[in-house]
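Derivation of every value follows stated rules applied to the coordinates shown; laboratory data play no part. From a predicted model like this one, the values you see are computed outputs, not experimental measurements. Because the Cβ atoms are built from the backbone with ideal geometry, glycine has one as well, and the counts that use them run over all protein chains shown.
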Amino acid sequence: MDSDILAALGSTLGCLVGLAVFGGIIALFVYLVNQSKKEVQRSELAVNQIISHLPQEKQMMFFMQYNNVQKNPTTAILWAIFLGGLGAHKFYMGETGLGILYLLFCWTYIPGIIAFIELFSLSGKVAKYNQQKAQEISMMIGR
């Protein structure tokens with residue numbers, strides 16, 4: 001009888017821990033998506049400031065080129081969550097050398113741990129990348 005009670009308590013405790021971990025993962029995901037939305041808004045403001053100095057006829061050319069190179073922070077986060085241990089987010093960001101390094105050491109699980117840590121700074125990194133590309137394109141088109 002006592003072993004039945006202990007088994008039921010253990011099973012219940014295991015379910016509660018599983019639910020807590022799952023809830024924590026969902027909360028982390030929601031937090032990261034919200035952060036990426038904020039970074040997208042900041043990045044769009046910076047891009048709008050850059051194009052405000054361009055003549056009207058060059059703004060269309062700017063957007064055509066910018067839309068080809070800009071990265072989405074939510075996409076980068078999803079790559080890092082699901083395939084970060086293989087370096088998919090590094091390949092997405094154009095960091096091919098680091099992506100290959102992640103692939104070479106994926107069997108050690110170290111790239112997966114690093115990718116998890118990078119989740120918290122990835123949306124800011126994408127925003128900086130997008131702003132840099134916007135500045136490069138505006139300089140190329142000419143102010």
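Numbers below:
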quantity: Residues (touching a Lys or Arg at 6+ places or on another chain (Cβ under 8 Å) and over 25 Å from ILE25 (Cβ atoms)) located in the stretch 58-97; calculated: TYR66, VAL69, GLN70, THR96
quantity: Members of the stretch 66-87 that are crowded, with 17+ Cβ neighbours inside 10 Å, in contact (Cβ under 8 Å) with a residue 24 or more places away in the chain and among the hydrophobic types (A, V, I, L, M, F, W, C); calculated: ALA76, ILE77, ALA80, ILE81, LEU86
quantity: Failed criterion for LEU98 (all others in (1) part of a helix (DSSP H, G or I); (2) of a type outside the set (Phe, Trp, Tyr); (3) in contact with a helix residue (DSSP H, G or I) (Cβ under 9 Å, 6 or more places away or on another chain); (4) closer than 22 Å to GLY142 by Cβ hold); calculated: (4)
quantity: Every residue from the stretch 88-143 that is aromatic (Phe, Trp, Tyr) and surrounded by fewer than 16 Cβ atoms within 10 Å (Cβ to Cβ); calculated: PHE105, TRP107, TYR109, PHE116, PHE120
quantity: Selection from the stretch 68-95 of residues that are assigned to a helix (DSSP H, G or I) and either over 21 Å from ILE113 (Cβ atoms) or of a type outside the set (A, V, I, L, M, F, W, C) (or both); calculated: ASN68, VAL69, PRO73, THR74, THR75, GLY84, GLY85, HIS89, LYS90, TYR92
